[in-house]
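Read through the structure below, which is laid out as structure tokens, and then see the notes.
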Amino acid sequence: MKTLVIVTHPSIETSVINKRWVGELKKYPEKYTIHELHTVYPDGNIDVEKEQHLIESHSKLILQFPVYWFSSPPLLKKWLDDVFAYGWAYGSNGGYKLKNRKVALAVSAGIKKEDYSEKGRYRYTLEHLLSPFETTFLYCSADYRSFFAFYGKENEPGADAPGLSESELEKSARDYLSFIDSL
């Protein structure tokens, strides 16, 4: 079965990393289903039953998003709240449609990796900041497989922002697909 990639980026057309990842995934439609939440639900009104069926028809689930204020974009949080409903994702009366389903995250972080550390600028690792997702998946009995991250090149205030090279983008895209395929 294919892998479902839920892409949540409010401005994917201006993205560098997430746009590149989506472009790479689109080269393999036989392996990946790309589901862009901001395109499908621009008004934020989520068709819960449709989303649940979409998840059920795939063997793996990837949530791809940029880290926003040390969490996810709001639409992804709403999607999780709506779609991972009692009786479907968890509950005493059955459910658990995510049980043993392989799930993972793919995030772009606009901050340097060393800043995501106990001694770094923000004092927390990305693993720590993403732990609510892991806890959610564990609560739903899913098979959480961690995350793939591309760390950014945030500069000190006032510094010129260097761009990403094409080789960095290419390597990131290849590594991302390898991550998904190894789950």
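Values quoted throughout were computed directly from the atomic coordinates according to the rules given, and no laboratory measurement underlies them. Computed from a predicted model, the values in this text were never measured in an experiment. Because the Cβ atoms are built from the backbone with ideal geometry, glycine has one as well, and the counts that use them run over all protein chains shown.
Tabulated data for the structure shown
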{"read-out": "Among the residues listed as Ala104, Ala109, the single one being buried (at least 17 other Cβ atoms within 10 Å of the Cβ) and farther than 30 Å from Glu49 by Cβ", "value": "Ala109"}
{"read-out": "Selected residue [within 22 Å of Met1 (Cβ to Cβ) and surrounded by fewer than 16 Cβ atoms within 10 Å (Cβ to Cβ)] from Ser92, Ser131, Ser146, Ser117", "value": "Ser146"}
{"read-out": "Within segment 1-52, tally of residues that are in contact (Cβ under 8 Å) with a residue 60 or more places away in the chain, farther than 17 Å from Ser178 by Cβ and of a type in the set (Gly, Ala, Ser)", "value": "1"}
{"read-out": "Considering residues of segment 35-81 that are over 13 Å from the mean Cα position of the chain (by Cα), surrounded by 16 or more Cβ atoms within 10 Å (Cβ to Cβ) and among the charged types (D, E, K, R) only, the residue nearest to Gly152 (Cα to Cα)", "value": "Lys78"}
